[in-house]
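I have placed the structure first, in the form of structure tokens, so that the comments after it can refer back to it.
The values are calculated or read from the model by the stated rules, or taken from the named source; none is laboratory data. Predicted model only: the values in this text are computed from it and were never measured. Cβ coordinates were reconstructed from backbone atoms using ideal geometry, including for glycine residues, and neighbour counts include every protein chain displayed. Heavy atoms of the whole protein, side chains included, go into the accessibility calculation; ligands, DNA and RNA do not. Shrake-Rupley method; radii C 1.70, N 1.55, O 1.52, S 1.80 Å.
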Amino acid sequence: TDLAFYLCLALDLLPSKDGKDLTKCFLLQVVNILLRYIKTTFDVKSKILDFHHPHQLLEGLDGFNLELSDHPESLEQLLVDCTDTLKYGVKTGHPRFFNQLSSGLDVVGLAGEWLTAAANTNMFTYEIAPVFTVMEMVLLKKMYEIIGWGETEADGIFAPGGSISNLYGVLVARYKQYPAIKRQGMMALPCIVLFVSEQGHYSVKKAAAILGIGTDNVIEVKCDERGKMIPAELEKNILQAKRKGHIPFCVTATAGTTVFGAFDPLHDIADICEAHRLWMHVDAAWGGGLLLSRNHSHKLSGIERANSVTWNPHKLMGVPLQCSAILIREKGLLEACNQMHATYLFQPDKLYNVDFDTGDRTIQCGRHVDVFKLWLMWKAKGTCGFEAQINGHMELAKYFYKVLKKKDNFKLVFDAEPEFTNVCFWYFPPRLKHIPEGFERDQELQKIAPKIKAQMTEEGTAMISYQPCGDKVNFFRMVVSNPATRQADVDYLIDEIERLGKDL
Ligand code: ABU
């Protein structure tokens, strides 16, 4: 009862001797809060967010105080805090949330997260995560097969996000060529360089910085007008680096770039990597899910020739954050590269086959269970269910593109049909239409998307991202990855941009 919650503290819950009923009551109340949140999330009439500035949250809002005290607060207060935490957050599962590549609220995935939290275990050893360890193996195998590695002895691990997965790709690439790095460090190496397209994810540079390779040694390869790496430019850059006495060791291709959703030509890149004996990593964090679609998987053709692949099920597949895998087409490399033989965890004389202890393959020690929610969703949907969901996203993006194409006051960044669910565009308020194309118009246009977004955020009606890119001033990036989104929601977004932008 409310009174009980008002009087009771967390200490009264299990494992307290008489805490069984109160625990049940408390958790049912939490579930009720979550059910109300889920219902509002899917209600298009609800606001996506109730925006407040950081200083307002820090100062406290209507009884929602983030400060921590020395004394325990009542269970009643905790329930209020749970409600308020969701109230002032962003409903990323809302049908009009288009802000990120990861979005949606999958109910089965959510159940998977709850179960994972209840199990509260660590992936580093089989002995404390037997079921999750084997589940991870099953899923990794499924992903190798889908990539097209067939019977190859591959390896992999779930990692905390695409950036860390890409870091693994570069780390293992370097170790493969220079195993002495592990003991001797960078002193053992010549000046090594790697290549990524100018549209590739910034995490590749970050990996180079972390690994002591240096961002100057990441060579950005020019892209074509659609944002795809130009193979001839890659070849040219490799030859130039060699002429300077630098040693190329790795190329990171991208399958689904963050902004434009471009797919690099993987076969051409694989040919170049083979000719120059370079490791080929494919960052398919965003585009990997497209492998599940028989209609669209051809866009990643050549990925089977990669040495390593990043694939984030928490993006296109709609798995709750976080769920990212690094997949390596050579068994044993991850372990050889990262193994430290901590005897307090990885005793060789355990009762089971210690090959199932995955902790010495990773750069972490403790590792969260990211696999269960994906496994449960796969059970719930089947591969065909994911395929239908992803095909639906692609159809909706195409619809959005077609509607925009017909509108006078919108201009697509690329005229051609989108290859992925990214649709990039500008909105032109009527007053800008009379300014001739050029610097002066760009100066004005640059301010439009941030103003519209700010207003949209304050009103909480929709969320979409924008960015400048190269010589292109701020433009909107629409992405579809939320199964709750319908045609009416993308129509709404267009109307909303017009409503907020027409007088700017
Ligand atoms: N590459 C991380 C995700 C970026 C985005 O959601 O826009």
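Table for the structure above
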{"quantity": "Exclusive hit being within 21 Å of His298 (Cβ to Cβ) and either in contact with a helix residue (DSSP H, G or I) (Cβ under 7 Å, 6 or more places away or on another chain) or without any contact (Cβ under 8 Å) to a residue 12 or more places away in the chain (or both), set Phe414, Phe420, Phe410, Phe400", "calculated": "Phe420"}
{"quantity": "Condition met for Pro313 (on the phi < 0 side of the Ramachandran plot, open to solvent by less than 10 Å² (accessible area, probe 1.4 Å), in a loop (DSSP other than H, G, I, E, B) and touching a residue at least 60 places away in the same chain (Cβ under 8 Å))", "calculated": "yes"}
{"quantity": "Counted residues, the stretch 468-504 - those being of a type outside the set (A, V, I, L, M, F, W, C) and not in a helix (DSSP H, G or I)", "calculated": "13"}
{"quantity": "Among residues of the stretch 371-383, those that are open to solvent by 10 Å² or more (accessible area, probe 1.4 Å), in contact with a Leu (Cβ under 9 Å, 6 or more places away or on another chain) and not aromatic (Phe, Trp, Tyr), counted", "calculated": "2"}
{"quantity": "Counted residues, the stretch 299-311 - those being in contact with a Phe, Trp or Tyr (Cβ under 7 Å, 6 or more places away or on another chain) and within 16 Å of the ligand (Cβ to nearest atom)", "calculated": "0"}
{"quantity": "Residue within the stretch 78-89 that is touching a residue at least 40 places away in the same chain (Cβ under 8 Å), within 27 Å of Leu316 (Cβ to Cβ) and not in a helix (DSSP H, G or I) present", "calculated": "yes"}
{"quantity": "For Thr41: the one exception among (1) free of Cβ contacts under 8 Å to residues at least 12 places away in the same chain; (2) open to solvent by less than 50 Å² (accessible area, probe 1.4 Å)", "calculated": "(1)"}
{"quantity": "Filter result (open to solvent by 60 Å² or more (accessible area, probe 1.4 Å), over 16 Å from Asp370 (Cα atoms) and in contact with an Asp or Glu (Cβ under 9 Å, 6 or more places away or on another chain)) within the stretch 316-346", "calculated": "Arg329, Glu330, Lys331, Met340, His341"}
{"quantity": "Filtered residues of the stretch 194-231 (kept if buried (at least 22 other Cβ atoms within 10 Å of the Cβ) and either among the aliphatic types (A, V, I, L, M) or modelled with pLDDT under 95 (or both))", "calculated": "Leu194, Val196, Val204, Ala207, Ala208, Ile213, Val218, Val221, Met229"}
{"quantity": "In the stretch 232-247, the residues that are crowded, with 17+ Cβ neighbours inside 10 Å and closer than 20 Å to Pro265 by Cβ", "calculated": "Glu233, Leu234, Glu235, Asn237, Ile238"}
{"quantity": "Subset of the stretch 105-135 (residues that are farther than 30 Å from Pro483 by Cα and either under 20 Å from the mean Cα position of the chain (by Cα) or aromatic (Phe, Trp, Tyr) (or both))", "calculated": "Phe124, Tyr126"}
{"quantity": "Neighbours by Cβ (under 7 Å, 6+ apart or cross-chain): first from the stretch 253-278, surrounded by 20 or more Cβ atoms within 10 Å (Cβ to Cβ); second of a type in the set (Ser, Thr, Tyr) and assigned to a loop (DSSP other than H, G, I, E, B)", "calculated": "Gly261/Thr421; Leu266/Ser301"}
{"quantity": "Total residues in the stretch 130-142, condition buried (at least 21 other Cβ atoms within 10 Å of the Cβ) and farther than 15 Å from Lys373 by Cα", "calculated": "0"}
